[in-house]
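Report on the structure given below.
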Amino acid sequence: MNRPKNKEYKFPTHIDDYPTGPQYKAGFLPETNAGWRKVRPVVDHEACVFCLRCYLVCPDGTIFKEDGKIKIDLDYCKGCGVCAHECPKDAISMVKE
Amino acid sequence: MKTNKIFISGDEAAAYGVKLCRPHVIAAYPITPQTITVERLSEMVEKGEMDGEYMHVESEHSAISVCMGASSVGARTFTASSSQGLLYMAEGLHYASGGRYPIVMMNANRSVALPWSIYGDHRDSLSLLDCGWIQVYVEDAQEALDMMIQAYRIAEHKDVLTPMMVNLDGFILTHTYELVEIPDQQKVDEFLPAFVTPNKMSFEEPKNLAFSSKPDDNTEFKYQQNQAVLKSIDVIKEVDQEFEATFGRKYHDMVEEYRCEDAEVVLVAIGSVCGTVRVVVDKLREEGMKVGLLKIRFMRPFPEQEVKDLAKRVKAIGVIDKDISFGYEGTVYTNVNSAISKVENYVYKSNFIGGLGGRDITKAEIEDMFHKLYAGLDKSREEKVEFFSLNVETNE
């Protein structure tokens, strides 16, 4: 689970800072998806059995494992709740933002 | 100087011009009257006379898509179309200009259905004036060939990076034969450097290509695109000068004035009809009338400055349009009129609509236009948009 790191994106202040047309070096995310989200998934690490079903079903690939725990990249999570719905142990709950 | 002249059609001249530019990828769908161009190019690829790939596609929509993909990885690309085919490409035309892919296209100007017609007028390309492409209209086969070479220089310029459409009149130019000089390949290679784009996608430099933009950025991208097309005016002039120095032929940049120095009354036109207007201008000049022709070469970017410069010196301007924007005027006239409105002096204006669906525009009709413009000067004729070649009486 080698998640690519986002590089820091400097917002343009002059028209010449824009790329020529809509193409740019890969690895930048000018804006995260977090703004779309109404509810966010919260993992109960006590209940989680690491079956990784949430990882498999997440449509945006935001779920990863770090330090022996399931974690969710909230920069990309859009709050759809598929992980919570599919978790066989009900270890993920959707909490209002 | 030794020259290499051969007797070929306008379509073939375009194909020879493209061959000399060594495109990496050609993707086109055949359509009358463009067919011969793509047939010749596919033969050249088949016989190994060209190194490029000729990609067979099932439609014009696919042709432009192939060109965009190839262009994004740094390939020089060519496509060609006409009429219904060009319109089927329309979605991709905006995409290509917004993506800043400097694709070069030959368009054989042809009428648009219905009624179905394979013959020429300018309604296909003029209806796509706003798609962000540079548009040039040529007068003969030599200019068609030469503009293919100039087109790559203009489109691929780092400050322009905008696709370019080279328009030649269907049948009148595409299917008539002329003696055309084929430039030396080595000279073309020197004139036309390799295509370099800052947007080139590669394994070493992965890119996020053709992304979306929100209201926060969309206006900036469109501003940038408009600046690039405006910037092409300087590049067009620079390229034409260098072309003359290299090949000995020049096309007078954005427009060509013919006998306009002391003219009182001028006709404005695009494309092959300019040749006929020249003949009429010569005849009327012999009769003592101070008439001239303004051949508009580029419709985008528009030669606003050149039209204004002319409008300051003349008393009447007529515009021939092989086009009608239904419910208003011919599109060339609308654009010319906008430029004229920016000068202080009054100029009598009229729009002559004709030559639609392949009807010839005759010398007698052009002579009549000049007389009508003179009639406007003594107030015996009002300014108007007139279909000049109707064969029947109307209710007007």
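Brief remarks follow.
- Extreme residue, nearest to the chain's Cα centre (by Cα), among residues of the stretch B:14-52 that are over 17 Å from B:Leu192 (Cβ atoms) and among the small types (Gly, Ala, Ser): B:Ala28
- Scanning the stretch A:1-29 for residues that are in contact with a Phe, Trp or Tyr (Cβ under 6 Å, 6 or more places away or on another chain) and exposed (fewer than 15 other Cβ atoms within 10 Å of the Cβ) yields a total of 6.
- Look at (1) in a helix (DSSP H, G or I); (2) over 23 Å from the mean Cα position of the chain (by Cα); (3) within 21 Å of B:Val273 (Cβ to Cβ) and you find that B:Ala375 fails only one, number (3).
- Answer from B:Asp130, B:Asp159 - the residue that is in the same structural domain as B:Arg100 (by TED's automatic domain parsing), in contact (Cβ under 8 Å) with a residue 24 or more places away in the chain and not small (Gly, Ala, Ser): B:Asp159
- For the stretch A:49-97, residues that are in contact with a Pro (Cβ under 8 Å, 6 or more places away or on another chain), closer than 25 Å to A:Pro4 by Cα and aliphatic (A, V, I, L, M) total 4.
- Scan of the stretch B:212-222 for residues that are assigned to a helix (DSSP H, G or I) and either farther than 30 Å from B:Leu168 by Cβ or within 9 Å of chain A (Cβ to nearest Cβ) (or both), ordered by number: B:Pro215, B:Asp216, B:Asp217, B:Asn218, B:Thr219, B:Glu220, B:Phe221
Residues checked against (1) buried (at least 24 other Cβ atoms within 10 Å of the Cβ); (2) among the β-branched types (Val, Ile, Thr); (3) farther than 28 Å from B:Thr3 by Cβ; (4) more than 10 Å from the chain's Cα centre (by Cα):
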{"position": "B:Ser125", "(1), (2), (3), (4)": "yes, no, yes, no"}
{"position": "B:Met147", "(1), (2), (3), (4)": "yes, no, no, no"}
{"position": "B:Gln150", "(1), (2), (3), (4)": "yes, no, no, yes"}
{"position": "B:Asp159", "(1), (2), (3), (4)": "no, no, yes, yes"}
{"position": "B:Met164", "(1), (2), (3), (4)": "yes, no, no, no"}
{"position": "B:Asn167", "(1), (2), (3), (4)": "yes, no, no, no"}
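- When restricted to residues that are part of a loop (DSSP other than H, G, I, E, B) and under 21 Å from A:Gly35 (Cβ atoms), the stretch A:81-96 contains 1.
- Filter result for the condition that a residue is in contact with a strand residue (DSSP E or B) (Cβ under 8 Å, 6 or more places away or on another chain), of a type in the set (A, V, I, L, M, F, W, C) and at pLDDT 95 or above, over B:Leu267, B:Leu209, B:Leu192: B:Leu267
- Neighbours by Cβ (under 8 Å, 6+ apart or cross-chain): first from the stretch B:303-317, not assigned by TED's automatic domain parsing to the domain that holds B:Val266; second charged (D, E, K, R) and not in a helix (DSSP H, G or I): none
- The set of residues in the stretch B:68-109 that are in a loop (DSSP other than H, G, I, E, B), touching an Asp or Glu at 6+ places or on another chain (Cβ under 6 Å) and either more than 14 Å from every other protein chain (Cβ to nearest Cβ) or surrounded by fewer than 23 Cβ atoms within 10 Å (Cβ to Cβ) (or both) contains only B:Met89.
- Qualifying residues in the stretch A:29-80 (those that are in a loop (DSSP other than H, G, I, E, B), in contact (Cβ under 8 Å) with a residue 12 or more places away in the chain and small (Gly, Ala, Ser)) - the one farthest from the other protein chains (Cβ to nearest Cβ): A:Ala47
- Scan of the stretch B:9-63 for residues that are aromatic (Phe, Trp, Tyr) and in a helix (DSSP H, G or I), ordered by number: B:Tyr16
- Output for the stretch B:21-67, where each listed residue is within 27 Å of B:Val196 (Cβ to Cβ), surrounded by fewer than 21 Cβ atoms within 10 Å (Cβ to Cβ) and either among the polar types (S, T, N, Q) or without any contact (Cβ under 8 Å) to a residue 12 or more places away in the chain (or both): B:Gly48, B:Ser62, B:Ser65
- Positions within the stretch B:269-312 being part of a loop (DSSP other than H, G, I, E, B), among the charged types (D, E, K, R) and out of contact with any Asp or Glu (no Cβ under 6 Å at 6 or more places or on another chain), in sequence order: B:Glu287, B:Arg297, B:Lys312
- For beta carbons closer than 6 Å, sequence separation of 6+ or different chains, a first residue in the stretch B:186-211 that is within 7 Å of chain A (Cβ to nearest Cβ) and a second that is aromatic (Phe, Trp, Tyr), the qualifying pairs are B:Asn208/A:Tyr24.
- Some residue of the stretch B:248-262 being hydrophobic (A, V, I, L, M, F, W, C), away from every other protein chain (no Cβ under 14 Å) and out of contact with any Leu (no Cβ under 7 Å at 6 or more places or on another chain): yes
- A single member of B:Gly354, B:Gly376, B:Gly330 is crowded, with 19+ Cβ neighbours inside 10 Å and within 20 Å of B:Asp262 (Cβ to Cβ), and it is B:Gly376.
- Qualifying positions in the stretch B:336-350 - under 13 Å from B:Glu304 (Cβ atoms) and either of a type in the set (Gly, Ala, Ser) or without any contact (Cβ under 8 Å) to a residue 40 or more places away in the chain (or both): B:Asn337, B:Ser338, B:Ala339, B:Ile340, B:Ser341, B:Lys342, B:Val343
- Test: residue in the stretch B:225-233 that is touching a Leu at 6+ places or on another chain (Cβ under 9 Å), closer than 28 Å to B:Ala108 by Cα and more than 14 Å from chain A (Cβ to nearest Cβ): no
- Qualifying residue in the stretch B:225-248 (condition: under 19 Å from B:Gly275 (Cβ atoms), β-branched (Val, Ile, Thr), touching a Gly at 6+ places or on another chain (Cβ under 8 Å) and assigned by TED's automatic domain parsing to the domain that holds B:Glu143): no
The values are calculated or read from the model by the stated rules, or taken from the named source; none is laboratory data. In this text, all values refer to a predicted model and were calculated from it rather than measured experimentally. Here the Cβ is made from the backbone with ideal geometry for all residues, glycine too, and neighbour counts use every protein chain on show.
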